[in-house]
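Inspection log for the structure reproduced underneath, given as structure tokens.
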Amino acid sequence: MTDIPTLTAAELVEEFEFYDDPMDRFQFLIELGRQMPPLDDAYKVEAFRVQGCQSQVWLVPQASKDGGQLYFLGDSDAQIVKGLVALLAMLLSYKTSEEILAYDLESLFDQIGLAQTITPSRANGFYNMVQRIRDLAAAAKNNA
Amino acid sequence: MTVASQHADKLDLDAIRADFPILHQEVHGKPLVYLDNAASSQKPQQVIDALREVDERFYANVHRGGHQLSNESTSMYEESREAAQRFLGAKSKNEVIFTYGTTSAINTVAHAWGSANLAPGDEILVTEMEHHSNLVPWQQIAQLTGAKIKALPITGDGLLAMDELPGLLSERTKMVAVSAASNVLGTINPVTEIVRQAHEVGAVVSVDAAQAAPHKPIDVVAWDADFVALSAHKMVGPSGLGILYGKQALLEAMPPFLGGGSMINTVTIDSFTPALLPAKFEAGTPPITAAIAFKAAIEYLENIGLDNILAHEQMLAEYAHQLLADVPGLRILGPAPHQKAGIVSFTVDGISPNDIGMMIDTAGVAIRAGHHCAMPLHARYGIASSARASFYLYNTREEVEIFVAAVRKALTILS
């Protein structure tokens, strides 16, 4: 099983408070992206591609060994976007589908001021990623 | 004293910049460096004042009521048409149609001229460097009429492969659709020569001048072009407005495109006769405020001089080429600065242009990253996207330096 580094909401808030310059925030996101395990090219197909992003983005759900939890792999050809994929994967991996669906991402992103870091067109793509994760969690819940 | 004012340049940059209020602000705590002019330019106070003046004092629908306000707005609307006629060098104001932009102008030609003149087996010749708005309308009319699309390739330097043009033109060629300047490469194309060769085989030529009109003098008669399209918002004018120039005989012979008010002579329940030019192609209420204020934009550019503007932009492009030359892995797309408008598009090995665009935005530098509505052109270079800095009359050498420094800083983080 591939290990996804974990990131808690408290850690994320702390990082964003520390890095208040947008360039530093991008650098932090890029570093998160570099901590993600590489995504096998076999996953870089239409079925795993997130629509509506300016860059190519792939998001792949995986079930933990006992099947009780989900974790997420992902990649992008743009490093800042890959950092956003990593941010979501690290916040939401190794949780049950119920926990993922209940996770209040919107409040968290408001709190850290993510909207000031990513442009509106980029934000649309980002919320498509969030929606994709929730859809995948909902599907996993229905199949359980 | 700015860096720019130390160099031989006919533009008084301090005076010009003082005319553009939007430039004097900070983004992300840094002075705005606006280098996305190929997408849309900014407006001088003269144009902003003209827009406000119309809405405060003269606004009414044009060519409608017999009342005083409508008479005034109609007169100003027609004065603006005359200014556009002068700007283009057109013989008659009947050849100058107000549209909603270059895209709607080209769609008008493609559909109105194309539906009346294209048949199966006919050919439409485009080029590999066209913006989607000078490509997709031709594909659409080709699908409807059975005509075929052919494309003139570009060289590795980003110039049109002119030696291949004679081999692509034949009596089957009915339309040649070409841009006067590329929105990605900046390349200034030899329109007069293309028109000459196209006319020899009897083809009609439609010129997309969206990227040329803001930067260099245009003379539609010297070009001998049959149709020319441009957008006001790329030449210090308002958005939502464009011009379609067409030779009078061609405009008279082709059917109207959009149907509606103003474009008719008489209407019965099952038929209509079209109005005379130019109303025939101006269905519905036009963008009145923008059209009237466009005159102020034209006068602004004429006062400074298009030749001076092009020389200034080419000086900035040359400086950018010079400063970017030793950035590792960076490749500039397109020809040498003297062969293009002030556009510098580039890629960096292994780095997403989107990342570069987002990073340098935090330094206050506005560029565009993406395919710039020219996917076939990027495919020709084997890439999906590029980063584009585009200069205009108000940009300075100092801004070029800030832009290049921001790119260098971004690359240290992204590499």
Filtering the stretch B:247-303 down to residues that are within 20 Å of B:R86 (Cα to Cα) and without any contact (Cβ under 8 Å) to a residue 12 or more places away in the chain, which residue is most open to solvent (accessible area, probe 1.4 Å)? B:N303
Which condition number does A:A139 fail, the rest of (1) touching a helix residue (DSSP H, G or I) at 6+ places or on another chain (Cβ under 7 Å); (2) more than 14 Å from chain B (Cβ to nearest Cβ) being met? (1)
Of all strands (runs of 3 or more DSSP E) completely enclosed by the stretch B:298-387, which ones contain at least 3 residues that are away from chain A (no Cβ under 14 Å)? B:330-333, B:343-348
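The rows are residues; the columns are (1) assigned by TED's automatic domain parsing to the domain that holds B:N189; (2) more than 24 Å from the chain's Cα centre (by Cα); (3) under 23 Å from B:P256 (Cβ atoms); (4) small (G, A, S).
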site	(1), (2), (3), (4)
B:N134	yes, no, yes, no
B:L152	yes, no, no, no
B:L168	yes, yes, no, no
B:K174	yes, no, yes, no
Picking from B:H233, B:H215, the residue that is outside the structural domain of B:E313 (by TED's automatic domain parsing), closer than 28 Å to B:I22 by Cα and either at pLDDT below 95 or open to solvent by 30 Å² or more (accessible area, probe 1.4 Å) (or both) would be B:H233
Scanning the stretch B:195-208 for residues that are in contact with a Leu (Cβ under 7 Å, 6 or more places away or on another chain) and free of Cβ contacts under 8 Å to residues at least 60 places away in the same chain gives B:Q197, B:V201
Filter the stretch A:53-75 down to residues that are in contact (Cβ under 8 Å) with a residue 40 or more places away in the chain and within 14 Å of another protein chain (Cβ to nearest Cβ) and give me whichever is most open to solvent (accessible area, probe 1.4 Å). A:Q54
Check whether at least one residue in the stretch B:391-412 is in a strand (DSSP E or B) and open to solvent by less than 30 Å² (accessible area, probe 1.4 Å), and report yes or no. no
For the stretch B:8-112, list the helices (runs of 4 or more DSSP H) that sit wholly inside it and hold at least 1 residues that are assigned by TED's automatic domain parsing to the domain that holds B:V205; which are they? B:45-53, B:68-88, B:102-108
Take the stretch B:76-89 and flag every residue that is within 22 Å of B:D224 (Cα to Cα) and open to solvent by 10 Å² or more (accessible area, probe 1.4 Å). B:E82, B:Q85, B:R86, B:F87, B:G89
Being among the aliphatic types (A, V, I, L, M) and open to solvent by 40 Å² or more (accessible area, probe 1.4 Å), is that true of even one residue in the stretch A:79-97? no
All positions within the stretch A:87-124 that are within 14 Å of chain B (Cβ to nearest Cβ) and hydrophobic (A, V, I, L, M, F, W, C): A:L114, A:A115, A:I118, A:A123
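The values are calculated or read from the model by the stated rules, or taken from the named source; none is laboratory data. Computed from a predicted structure; not experimentally measured. No Cβ is skipped: glycine too gets one built from the backbone with ideal geometry, and neighbour counts run over all protein chains shown. Surface areas here come from the heavy atoms of the whole protein model, side chains and all, with no ligands, DNA or RNA. Shrake-Rupley method; radii C 1.70, N 1.55, O 1.52, S 1.80 Å.
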